[in-house]
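Just so it is clear, none of the values below were taken in a lab; they were calculated from the coordinates. All of these numbers come straight from a predicted model, not from anything done at the bench. With ideal geometry, Cβ positions are generated from the backbone for all residues, glycine too; neighbour counts draw on all protein chains shown.
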Amino acid sequence: RRTFLKWSGVTIAAVATGCNSDDRLQPTGQSPLGTGLNGAPVSLGTGDVLVLNFAYALEQLEAAFYSQVIATPYTGISDEEMTLLDDVRKHELIHRDFFKAALDSLNAAIPELEVDFSSVDFTDRDSVLTTARTFEDLGVSAYNGAGKYLENLDYLLVAGKIVSVEARHAAAIRDLLNPKSADFAGDDVVDEQGLDVVNTPADVFAAADPFIVTEIDTSPLPTT
């Protein structure tokens, strides 16, 4: 499992490094987005920027979660589990930083989000891993649902690579919860056609909202 996840991160890091500040998602000249200052909700933007900020928000959430998991390991965590979860953390940091760099090149990145994990008992294995499963499953369905709205093919390619890594995370977490079972591809995440479940961006944000304190204007998010 560890090697499987390790090389996933290396691949995404290489792609992210290849995207420099000259890359553009849409025509230049776009004004900076709202930052949530003075009581105004954070704006996600429009077009490709909207999709990238949507993904960036989710990656911020995941990166913050796994950073807390590693900073305060749950009771009885094994060396294997610690290593695996730290690998996942590193991947999520790479994903987060990739989106920030891409959006910063357009002066369009949303700010660092304030998150709330008070519903998670970080001392309890089941609480941590169940939340991790929720985030990973949500991430896979999020990329699957939002990818069709990306117009820039370069970023669509990277999104496709990232969602494959998120799916590997989901499978690994599910195996920790129920070892050597079929849960890694359970019928709650894989449909009758053998495809991953898809959720709309609006539905994904609604599911993630309890963990995000920062007020975000989600009205532009696609509902189909």
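What the table shows:
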| read-out | value |
| --- | --- |
| Radius 12 Å from Cβ of residue 92, net charge of other residues (Lys, Arg +1; Asp, Glu -1) | -4 |
| From phi via Karplus (6.51, -1.76, 1.60), per-residue ³J(HN,Hα) for region 118-124 in Hz, x at Gly/Pro | 5, 7, 9, 8, 6, 8, 10 |
| FRET efficiency estimate (nearest 0.05) - Cβ-Cβ, residue 206 to residue 177, R0 35 angstrom | 0.90 |
| Residue-wise HN-Hα coupling along region 149-164, computed from phi with Karplus coefficients 6.51, -1.76, 1.60 (Hz; x: Gly, Pro) | 8, 7, 8, 7, 5, 5, 6, 5, 4, 5, 4, x, 5, 5, 5, 5 |
| Residue 216 long-range amide H proximity, modeled H, under 5 Å | 42 |
| Total formal charge among the other residues, if their Cβ is under 15 angstrom from that of residue 202, Lys/Arg +1 and Asp/Glu -1 | -2 |
| For region 54-95: rounded, prolate or oblate by the Cα gyration tensor [a/c cutoff 1.5] | prolate |
| Residue-by-residue Karplus 3J(HN,Hα) for region 100-113, coefficients 6.51, -1.76, 1.60, Hz, glycine and proline x | 4, 4, 4, 6, 4, 5, 10, 6, 10, 6, 5, x, 5, 8 |
| Proximal charge balance of residue 73 [Cβ under 12 Å; K/R count +1, D/E count -1] | -2 |
| Residue 217-residue 79 FRET efficiency (beta carbon distance; Förster radius 45 Å; 0.05 resolution) | 0.55 |
